[in-house]
């Protein structure tokens with residue numbers, strides 16, 4: 001099987017340094033996964049020659065951000081060539097890339113999420129509360145602003161595209177790494193995301209992959225999302241905020257996430273193998289054996 005891997009960010013000089021670093025890490029980790037599989041030939045796509053290279057392969061794996069319909073566009077190119085797409089199809093990429101559409105679909109499915117609406121600079125918001133302002137199709141924490149005081153509003157940069165506003169919910173920032181197929185999901189691991197604030201913007205500082213065991217809540221949530229978004233396929237990341245009142249879904253990422261980089265090391269699972277099995281019709285939902293478990297809490 002001949003597979004084309006295309007990582008958009010590392011080929012784009014206009015992307016931020018942090019995004020380029022994360023893109024390179026994901027590309028390297030995915031290559032390492034494929035190197036352990038027999039009968040697989042991998043080609044790394046060059047942006048300018050992507051469509052010509054696509055014609056020569058059996059399948060393609062796209063690593064790209066959702067904003068500006070970038071991920072959707074490259075998925076459509078693969079679909080138009082009738083090649084096997086090893087990531088979610090363009091239809092569901094469009095749904096999950098638009099965070100307002102995601103909110104509407106989660107709400108319709110009665111999945112707990114964060115109240116979301118279009119940000120209107122002319123509207124009078126309650127400035128005694130904390131708010132999050134973010135692009136409607138952002139990737140990661142890019143251009144995501146935390147407004148905690150009235151002065152923060154006056155320092156908010158002008159927004160040239162559609163932004164959303166959400167109440168800032170305090171809690172543990174958790175991501176779920178999952179495999180999806182045909183309305184089903186298998187949770188791989190639960191990850192802790194650690195952010196720091198720089199000029200009112202979130203910046204990802206660290207990720208603790210497989211930092212705790214699932215007690216059944218996270219697998220249940222992944223399965224609910226699979227039912228609400230049945231076209232999701234392969235590796236998917238889900239970002240949630242968890243506190244004493246519940247688990248609030250923030251985003252659904254139909255692509256590799258930074259957590260993927262450590263998955264094989266932390267749980268001994270080759271994600272590329274699982275995704276190939278998805279694409280070729282073999283079920284990836286049989287229980288798998290982790291080689292490592294999250295550290296147990298210290299006894300007091």
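Report whether or not residue 95 is in contact (Cβ under 8 Å) with a residue 24 or more places away in the chain and farther than 27 Å from residue 239 by Cα. It is false that residue 95 is in contact (Cβ under 8 Å) with a residue 24 or more places away in the chain and farther than 27 Å from residue 239 by Cα. I'm trying to understand the selection: among the residues of segment 235-256, which are buried (at least 23 other Cβ atoms within 10 Å of the Cβ) and farther than 21 Å from residue 164 by Cα? Across segment 235-256, the qualifying residues are 235, 236, 255, 256. Could you tell me which residue of segment 223-232 is surrounded by the most Cβ atoms within 10 Å (Cβ to Cβ), considering only residues that are in contact with a helix residue (DSSP H, G or I) (Cβ under 6 Å, 6 or more places away or on another chain) and closer than 17 Å to residue 275 by Cα? My answer is 232.
Name every residue in segment 124-147 that is farther than 23 Å from residue 70 by Cα and assigned to a loop (DSSP other than H, G, I, E, B), in order of residue number. Break it down stepwise before answering.
Here is the first cut: in segment 124-147, the residues farther than 23 Å from residue 70 by Cα are 124-132, 146-147.
Result: 124, 125, 126, 127, 128, 129, 130.
Do the conditions hold for residue 124, that is, is it surrounded by fewer than 20 Cβ atoms within 10 Å (Cβ to Cβ) and touching a strand residue (DSSP E or B) at 6+ places or on another chain (Cβ under 8 Å)? Give the derivation first.
Numbers: surrounded by fewer than 20 Cβ atoms within 10 Å (Cβ to Cβ): yes; touching a strand residue (DSSP E or B) at 6+ places or on another chain (Cβ under 8 Å): no.
Against the criterion (surrounded by fewer than 20 Cβ atoms within 10 Å (Cβ to Cβ) and touching a strand residue (DSSP E or B) at 6+ places or on another chain (Cβ under 8 Å)), residue 124 does not qualify.
I'd like the residue in segment 163-179 that is closer than 19 Å to residue 193 by Cα and touching a helix residue (DSSP H, G or I) at 6+ places or on another chain (Cβ under 7 Å) and, out of all such residues, is surrounded by the fewest Cβ atoms within 10 Å (Cβ to Cβ). Filtering first and then ranking leaves 175. Among the residues of segment 192-209, the ones that are over 16 Å from the mean Cα position of the chain (by Cα) and modelled with pLDDT of 90 or more come to 0 in all. Where strands (runs of 3 or more DSSP E) sit wholly within segment 1-64, those with at least 1 residues that are at negative phi and surrounded by fewer than 18 Cβ atoms within 10 Å (Cβ to Cβ) occupy 2-7, 41-44.
Applying the set (1) modelled with pLDDT of 95 or more; (2) touching a helix residue (DSSP H, G or I) at 6+ places or on another chain (Cβ under 9 Å); (3) farther than 21 Å from residue 60 by Cβ to residue 272 leaves exactly one unmet item: (3). How about segment 78-93: which of its residues are closer than 13 Å to residue 64 by Cα and in a helix (DSSP H, G or I)? If the condition is that a residue be closer than 13 Å to residue 64 by Cα and in a helix (DSSP H, G or I), then 90, 93 are the ones that fit.
Among the residues that make up segment 224-235, is at least one of them more than 25 Å from residue 22 (Cβ to Cβ), modelled with pLDDT under 95 and not assigned by TED's automatic domain parsing to the domain that holds residue 34? No, because not a single residue in segment 224-235 is more than 25 Å from residue 22 (Cβ to Cβ), modelled with pLDDT under 95 and not assigned by TED's automatic domain parsing to the domain that holds residue 34.
The values are calculated or read from the model by the stated rules, or taken from the named source; none is laboratory data. No experiment lies behind these values; they were computed from the predicted model shown. We place every Cβ from the backbone using ideal geometry, glycine too, and count neighbours over all the protein chains shown.
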